Amino acid sequence: REEEGGILGIGEYSLHTGLRLSSGPEGKIEKDLQDESQCKMLTMLPMRNWKECEAVPSSLSSLVAAIVPGHLRKLNTVFEISGLHIVGLSSVRSESDEWILPSCATCRRAYPCQAHPNAAEESRLALRAVFVDSDCQCSMILYHDTITSCVNVGKVLEFKDTPQLRKELLEGFRSALWRAKVTFRENDYHQVLELECRHLERFLSFDAANPDVSAAQLDLPRCFLGGGCPVAPLREVKRDTDLGVLSVHNIDASSVRALVMFNNVTLPDDETVQKEMQATSAMRIKRSVDCLLSGTSEPFQSKIRAAGPASAVTWLLRGPPQEVHHVVLMQTETVNEYAILSHVLVKPEAVDSVMSYYRYICSQQEDTEELSFESTLTPAKRIRTLRESMPTPSKTSGAWQDQ
Ligand SMILES: [Zn+2]
């Protein structure tokens, strides 16, 4: 498996070679199977149904913590991680910034393909997505079929990598929390295990009513690895200005996720809108908000701000009171005032379910004891330790494979 060229299609390589039916009794089968739909069914049998297969509910951080550089080990168990937030998308290529790659139309690996020299070229999306939970971040590659099943880019796709397509993809992945089915993959080149995303689906939408997700609210073991983005009741956030770090529930992070609602507090005009000195068209907008996770007795107010061209900050300037936004925030030079890294509108029909799920995450951040591994433990032993500290149904799941 090539490291770069071959990277495309690993996750979606499907068994198209099928069966060769030419002589003897098979000849009759071949005749029966001339109906194309039947042929397809047969050749697709060997593929695993990642969407439906059983999986062990886990946290992202505990799986990432099981990875030890230099230790390769075949681990077959399928894990399921719910409530993942995607903070960024980038090209899978290190030497270029392409989001759409030329692929072999027959096997979907990188084009031109040695196995199918006569096959046509097909444009397919492939992206590296950065997933975060409260305790860590981890990037996984998403392939064309996964991407297009999660985000509706039909109208803008047209096989061209355009700014419009990138915007739709970023906004699409930002509009929800995700549930991923993952497995460990041995990366021989880097001599390390890595997580491979086998299936991805919407878990909790910010832009639509949500199903009941309480079954996924388990007391799963977590491992503090850093680089995560904890959910923050802003009332409880502490800051270390020297390190540029925010801290909530004893988790240090450079950014936090918050659920805020525009309130009726009017800031002085010169504080609300400021022209950025460097660029004449850019504005800095500041707004007062209520934190929806800081308790209900009396609202906890904070200020949030963003800078950019007018079109990028209008939502902050013009959004009506009571409008709710999911925001990723960084600290500023001022106490209880935050810079907005990203935002997404939470529609009224989604507010209750998102609020209740984020309260669950906060309780996990406060209450769950962090699991830590002896540095000498191998990946397989870490996974065994992890299983021991899991609650039912994770611990007793039928998805565990001998390893
Ligand atoms: Zn091919």
For segment 54-66, what does the Karplus curve 6.51 cos²θ - 1.76 cosθ + 1.60, with θ = phi - 60°, yield as ³J(HN,Hα) per residue in whole Hz, taken in order and with x for Gly and Pro? 6, 8, 8, x, 9, 9, 4, 5, 5, 6, 4, 5, 7
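Please report, in debye to the nearest 20, how large the charge dipole of segment 288-398 is about its Cα centre when each Lys and Arg carries +1 at its beta carbon and each Asp and Glu carries -1 there.
Numbers: 10 positive and 13 negative charges, 98 e Å.
Taking the Cα centre of segment 288-398 as origin, the dipole is about 480 debye.
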Students often check this: by mean Cβ neighbours within 10 Å, which of 170-179, 373-382 ranks highest, and how do the rest follow? 170-179, 373-382
As a test of the formula, what do you get for the chain when each DSSP H run with n ≥ 4 contributes -39,500 (n - 2.57) and the sum is divided by the residue count, at 222 nm and rounded to the nearest 500 deg cm²/dmol? -6000 deg cm²/dmol
For a quick check: with amide H placed at 1.01 Å from N, whose amide H comes under 5 Å from L293's, ignoring anything fewer than 5 positions away on the same chain? L234, L259
In terms of the alpha carbon gyration tensor, root eigenvalues a ≥ b ≥ c, rounded if a/c is under 1.5 and otherwise prolate when a/b exceeds b/c or oblate, segment 50-227 is oblate
For segment 234-367, just say rounded, prolate or oblate: build the C-alpha gyration tensor, square-root its eigenvalues into a ≥ b ≥ c, call rounded for a/c under 1.5, and beyond that prolate if a/b exceeds b/c, oblate if not. oblate
Amide H to amide H, which residues 5 or more places from R109 or on other chains are under 5 Å from it, using H placed in the peptide plane? C104
Lysine pairs with alpha-carbon atoms under 19 Å apart, segment 234-367, spacing 8 or more or separate chains: 4
Give me the net charge for the shell around G295: Cβ to Cβ below 14 angstrom, other residues only, Lys and Arg +1, Asp and Glu -1. -2
Checked against a 21 Å limit on the C-alpha separation, the offending pairs among K74/K181; K74/K381; K160/K181 are K160/K181
Alpha-carbon centroids, segment 324-352 and segment 130-153: separation in whole Å: 21 Å
Step through the residues of segment 242-255 one at a time and calculate ³J(HN,Hα) from phi using the Karplus curve (6.51 cos²θ - 1.76 cosθ + 1.60, θ = phi - 60°), rounding each to whole Hz and writing x for Gly and Pro. 5, 8, x, 10, 9, 9, 9, 6, 6, 9, 8, 7, 7, 9
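Readers should treat all values here as calculations from the given coordinates under stated rules, not as data from a laboratory. None of the values given here were measured: they were computed from a predicted structure. Counting neighbours? That spans all protein chains shown, and the Cβs are built from the backbone with ideal geometry, glycine included.
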